[in-house]
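Peer 1: Got a structure here, written out as structure tokens. Questions coming.
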Amino acid sequence: MAKLGKRLKKAYEAVDRDAFYGLTDAVKLVKGNAVAKFDETIEIAMNLGIDPRHADQMVRGVVNLPHGTGKTVRVAVFAKGPKADEALAAGADIVGADDLAEKIQAGTMDFDRCIATPDMMGVVGKLGKILGPRGLMPNPKLGTVTMNVGDAVKAAKAGAVEFRAEKTGIVHAGVGKASFSEEALADNIRAFIDAITRAKPSGAKGTYIEKVSLSSTMGPGLKLDIPSLSAQA
């Protein structure tokens, strides 16, 4: 731990906590400061000028990162018949109907994303108190309640990231791994910021994107220069 502490101290010393970094410099620094013995996740946090308590100021959606997240995503699908076969063919890890609901009710939750065909929502709806708090409840607005289960499974496996503003107006997500190239991380970050920009709610007034920070799992965070990220920010 002492050795790790020294590395972390050096990483913090390399960052000016009061400075605002352009995306290229930020990615290089964060990637270089990811000194843990595991492949750290690169995380973005955005402070938005919204009040999510109002329906017309909620920010929620999904974005397909061009280079994925670097994370293995386990996908569960509620479907029957041909649609169940389609989900399995697309790479779903768990497929079922009432039997899957029973497993979830019994406490088996070994998946990261949940998709359902519309006709299965009667079954899935009963699991709202279990899936909802974990952010796993299928939602048509996020493309996770759909007849195109094959495409939805492939998107989830490829690195589709769901985002939702917290009560404080902060949106955060993992946008890759420290092992990714600087170019791949920058592409993913731009895609995420673009998705947040396009998701600007009608009720948002004044400055929409107020602050953006980037960090690795164990490394120091740094501020991004917003004007250099998007002309619409």
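Peer 1: What number of residues within the stretch 72-95 are touching a strand residue (DSSP E or B) at 6+ places or on another chain (Cβ under 7 Å) and of a type outside the set (A, V, I, L, M, F, W, C)? Quick ask: steps written out before the conclusion?
Peer 2: Here is the first cut: in the stretch 72-95, the ones touching a strand residue (DSSP E or B) at 6+ places or on another chain (Cβ under 7 Å) are 73, 75-79, 84, 87-88, 92-95.
Now narrow it down to the ones that are of a type outside the set (A, V, I, L, M, F, W, C): 93.
Result for the stretch 72-95: 1.
Peer 1: If you scan the stretch 184-200, which residues turn out to be part of a loop (DSSP other than H, G, I, E, B) and buried (at least 19 other Cβ atoms within 10 Å of the Cβ)?
Peer 2: Residue satisfying the conditions is ALA199 alone.
Peer 1: Pairs, please: C-beta under 9 Å, at least 6 apart or cross-chain, first residue free of Cβ contacts under 8 Å to residues at least 40 places away in the same chain and in the stretch 59-86, second part of a helix (DSSP H, G or I) and surrounded by fewer than 21 Cβ atoms within 10 Å (Cβ to Cβ)?
Peer 2: Every condition considered, the pairs that remain are THR72/LYS157.
Peer 1: Oh, and also: Only one of (1) within 28 Å of PHE38 (Cβ to Cβ); (2) open to solvent by 30 Å² or more (accessible area, probe 1.4 Å) fails for ALA178. Which number is that?
Peer 2: Answer for ALA178: the failing condition is (2).
Peer 1: Return yes when GLU162 is of a type in the set (Asp, Glu) and open to solvent by less than 60 Å² (accessible area, probe 1.4 Å) and no when it is not. Can you show your working first?
Peer 2: Working: of a type in the set (Asp, Glu): yes; open to solvent by less than 60 Å² (accessible area, probe 1.4 Å): yes.
Considered against the rule, which asks whether it is of a type in the set (Asp, Glu) and open to solvent by less than 60 Å² (accessible area, probe 1.4 Å), GLU162 comes out as yes.
The values are calculated or read from the model by the stated rules, or taken from the named source; none is laboratory data. As the structure is a prediction and not an experimental result, all values here were calculated from the model. Counting neighbours? That spans all protein chains shown, and the Cβs are built from the backbone with ideal geometry, glycine included. These accessible areas exclude ligands, DNA and RNA; they are computed on the full protein's heavy atoms, side chains included. Shrake-Rupley method; radii C 1.70, N 1.55, O 1.52, S 1.80 Å.
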